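K.L.:
The structure that follows is given in the form of structure tokens.
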Amino acid sequence: MKTHFLQGTLMFNTTHIMRYILFLVILGSVEIHASFPQLLKIKANSGSSVVSTELRSGKKYRITLKGEFSIWPEQLGNGIDAGYVYDAPISRIVNNQWPAEEYIDTLSGDTYPGYKLPMWVGDTMSFPYESFPLFVFPDYKFNLNKWTGFRLNGEPIAKTAYDPINHQYQFERAGDDKSLTFAIIDSVYTNADSLLKGDYDNNSGEIEVMIEEIIPFFVNICSAAPQLDPTDSTKMTGIKVDVSVLVTDTNKATGKRNILFDKNQVAIYDNGKFVCPDTIKCNKSVESVSIAMLFDRTSSMLDFVSRDDKTARIDAATKSATNFLNRLSNRDSVLMLSFSDTSDINVDVNWTPNKQTVQNSINTFSARLNTTVLQTALHKALITAIARTKSHNNRLKAIVALTDGANNVAPIDAQIVINELPSTRNIPVFILALGMDTTIDNTITDPTEKFIDSIRAQNNLAGLSRMDSIAVASGGRVFLITNSKALDSTYSLISRDIREQECCSIEYPVDPCVQGSGDTVRTIVIYYPFEGGVTARATTYKTNCAKTFLSRRLSGEESYTKVIPAKKKSTALNATFPLQLSGSTQVRVELYDATGKRINSMNIKNLKKGSNNVTLSTNGLPTGTYTAKVFAKGNMIKQHEIIIQE
């Protein structure tokens, strides 16, 4: 027998909480409407990949990455999450085992950039680089993109805003009957050995990956964070969790609608017990919006909208764009960007609330169609718009792109565009595909024309698929427009719905954490019951007892700068000692002072088998006793004492 919950609003009191507890007990008899929740844990000390089950074609999934890990042996904290290296131990920086944020040469005054944190794990910068004083960093090379961080299908996740509180990144993905592969990589490149080797044994921490199928009733938790006592920041008084219950709604611009409006619609299970929400806030936003408008200026915009609508595409597009512009408020900011091929992507109007300035640009499009090329650089135009929209300061943002053709010039892969999207999905991309009919015209009888028409339909179908993957990943939607009236109504739909907030803010009281108890992370489960079942979602938050990273600085303080010491001038002095080798090899010689501090290092190549003499410069060193250590293939093979006297 299937257990049902009452329809309508559930008023939460002791009786209802007991019903939920009873519900958990008899869970086996209730239909769970979440066929694909999968939680994977990617451990930093493993070095192995973790593979998900297949994401089914035709389904859409939400992927949430959360957690922190460390690649350093010191038990100081973490320092890396799924998207960013955000901290590094001082001891690693001091000992040249991790780059400082910047370096200053005491002689010349020159400044050299290091790794400015937080730094995206996909950053391609190699350190040290050719113009850097290489003697400062003789032992190791660093490149996050190649050797460090979290990976999805072998690639870093898309660059997005760093989340210093939740360390959480979230995005959607269309299923393709393939699995996803996750891993944490940590390799060290040693200059002496010219080797890249995994270095996992001293790592700690993990990244949690939650993969959820987006179902008719989908609970989405945008964020969760403790609320602190305003008079005592060491005390936690409550939790604020941003949550929505989403259902499919084709009448909404995003294709989904938040049906959460009352705190009694959901049950909250926090830290082992049910709690009652104090407040919920789901106000429709009246704040200003940043909208990037993209406009296709390729020659095909002179064609008819469709076989049934003989309106010129350019005429329908400029008219509808004008109407869309007029529906925006005076507080909204607009960026107007137009494009044809890769060499013709223009920012016609930079961010402005002045509608007339944008309208003047729209009025020029008919005269500015590019009739000399057959390329449509939609992907590159989107990448440009994403970069400019990320940097704008309004909280609500969107990209609205109009095009009448599939992208057919590099970059072709939609994933390259998706990689530029923020994983927080706060920049939805709406693509209006004008006249991109995917049906074959059966009235054509000429074989050549019929073949060309079939190629057109195939290209449109493939292009729409790529557009859809971009829109889904952003939280937006693709609209196939085959008549001019539908174009205007679609623009109207977007302008109406673009301000709606996806999440409601719920606040509720919690017990303060007990100092010294290890109560640093708690779990929240949000339950949404409906006729025939229940759907739920879990997340975690850090309490104010959470251990902080014992490192170089607090967020917002000045960069960690390391001084490059001046080279001392003195007469040429050398120390020479014998070295016996069992085979030809390259060695590294390190010089240490009497305190054990390494003060110099050099690599010597092409030493032969048998007897060799190693000469080490001691220029500028004060009198005292020093130790030279010789390494081959990472192992110390000789230690020699050097005494410098007056």
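Since every read-out is calculated from the coordinates, none of them should be taken as a lab result. Since this is a predicted model, take the numbers as computed values, not measurements. Because the Cβ atoms are built from the backbone with ideal geometry, glycine has one as well, and the counts that use them run over all protein chains shown.
K.L.:
Would you mind working out the magnitude of the charge dipole of the chain relative to its Cα centre, with +1 at each Lys and Arg C-beta and -1 at each Asp and Glu C-beta, to the nearest 20 Debye?
P.N.:
Once rounded to the nearest 20, the dipole reads 640 debye.
K.L.:
Taking the dipole about the Cα centre of the chain, with the C-beta of Lys and Arg at +1 and of Asp and Glu at -1, give me whichever of Asn574, Thr540, Asn442 is farthest to the positive side.
P.N.:
Asn574
K.L.:
Just grab the label-to-label distance for Thr561 and Asp308, each label 7 Å out from Cα along the Cβ direction, in nm (one decimal).
P.N.:
In this crude label model, Thr561 to Asp308 measures out at 6.8 nm.
K.L.:
Based on the alpha-carbon gyration tensor of the range 441-492 and its eigenvalue square roots a ≥ b ≥ c, which shape applies: rounded if a/c is under 1.5, prolate if not and a/b is larger than b/c, or oblate?
P.N.:
Note, shape of the range 441-492 comes out oblate.
K.L.:
Taking the 0 to 90 degree range and rounding to the nearest ten, how far is the long axis of helix 313-327 tilted relative to the main principal axis of the chain, both from C-alpha atoms?
P.N.:
The two axes meet at around 80 degrees.
K.L.:
Most exposed first by the Cβ proxy, i.e. fewest other Cβ within 10 Å, how do Val373, Val630 rank?
P.N.:
Fewest-to-most ranking of Val373, Val630: Val373, Val630.
K.L.:
Tell me, what is the FRET efficiency for Asn360 and Thr231 to the nearest 0.05, using R0 = 56 angstrom and their Cβ-Cβ distance as r?
P.N.:
The computed FRET efficiency comes out at 0.55.
K.L.:
Sort 80-91, 351-362, 391-402 by packing, meaning the average of other beta carbons within 10 Å per residue, with the highest value first.
P.N.:
My ranking of the peptides, most packed first, is 80-91, 391-402, 351-362.
K.L.:
Over the Cα atoms of the chain, how large are the radius of gyration and the largest Cα-Cα distance (Dmax), in Å?
P.N.:
My reading of the Cα-based Rg and Dmax gives 30.4, 101 Å.
K.L.:
Compute log10 of I(q)/I(0) for the range 574-644 with the Debye formula, placing one identical point scatterer on every Cα and leaving out solvent, at q = 0.22 Å⁻¹, to two decimals.
P.N.:
Cα-only, vacuum Debye calculation for the range 574-644: -0.94.
K.L.:
Using a cut-off of 12 Å between alpha-carbon atoms, which aspartates and glutamates can reach Lys116, once sequence neighbours fewer than 8 places away in the same chain are excluded?
P.N.:
Counting by Cα, and skipping residues close in sequence, Lys116 has these aspartates and glutamates nearby: Asp87, Glu101, Glu102, Glu558.
K.L.:
When only alpha-carbon atoms count, how far does the range 364-430 stretch along each of its three principal axes, as whole angstroms with the largest first?
P.N.:
Result, largest extent first: 38, 29, 17 Å.
K.L.:
If the viscosity is 1.306 mPa s and the temperature 10 °C, what translational diffusion coefficient in µm²/s does Stokes-Einstein give for the range 276-374 when Rh comes from Kirkwood over Cα pairs?
P.N.:
104 µm²/s
K.L.:
Let me ask another. Relative to the longest principal Cα axis of the chain, at what angle does helix 447-474 sit, 0 to 90 degrees, rounded to 10?
P.N.:
60 degrees
K.L.:
Next question. Please label the shape of the range 172-229 as rounded, prolate or oblate, based on the square roots a ≥ b ≥ c of the eigenvalues of the alpha-carbon gyration tensor (a/c under 1.5 means rounded; beyond that, a/b larger than b/c means prolate, else oblate).
P.N.:
oblate
K.L.:
What does the helix-only formula give at 222 nm for the chain: each DSSP H stretch with n ≥ 4 adding -39500 (n - 2.57), the total divided by the residues, and the result rounded to the nearest 500 deg cm²/dmol?
P.N.:
It comes out at -5000 deg cm²/dmol, rounded to the nearest 500.
K.L.:
Turning to a different aspect of this structure: Taking the Cβ of Thr248 as the centre, find all other residues whose Cβ is under 12 Å away and add up their charges (Lys, Arg: +1; Asp, Glu: -1).
P.N.:
Summing Lys/Arg as +1 and Asp/Glu as -1 gives +4.
K.L.:
Continuing with this model, one more query. Which of Leu432, Leu328 comes first, and how do the rest follow, when ranked by fewest Cβ neighbours within 10 Å?
P.N.:
Fewest-to-most Cβ neighbours within 10 Å comes out as Leu328, Leu432.
K.L.:
Just add up the charged neighbours of Ser48: K/R +1, D/E -1, any other residue whose Cβ is under 13 Å from the Cβ of Ser48.
P.N.:
It works out to a net charge of +1.
K.L.:
Based on Cβ point charges of +1 for Lys and Arg and -1 for Asp and Glu, what charge dipole magnitude is obtained for the range 574-644 about its Cα centre, in debye rounded to the nearest 20?
P.N.:
Using only the charged Cβ atoms, the result is roughly 340 debye.
K.L.:
Quick one: what are the phi-derived ³J(HN,Hα) couplings along the range 182-189, Karplus 6.51/-1.76/1.60 with θ = phi - 60°, whole Hz, x for glycine and proline?
P.N.:
For the range 182-189, the Karplus curve yields 10, 7, 10, 9, 8, 10, 10, 9 Hz.
K.L.:
Distance cut-off 28 Å, Cα to Cα: go down the list Lys43/Lys542; Lys562/Lys609; Lys310/Lys390; Lys562/Lys597; Lys59/Lys146 and report the pairs above it.
P.N.:
In this structure, Lys562/Lys609; Lys310/Lys390; Lys59/Lys146 lie more than 28 Å apart at Cα.
K.L.:
Which order do peptides 205-214, 603-612 fall in by mean Cβ count within 10 Å, highest first?
P.N.:
In descending order of packing, they fall as 205-214, 603-612.
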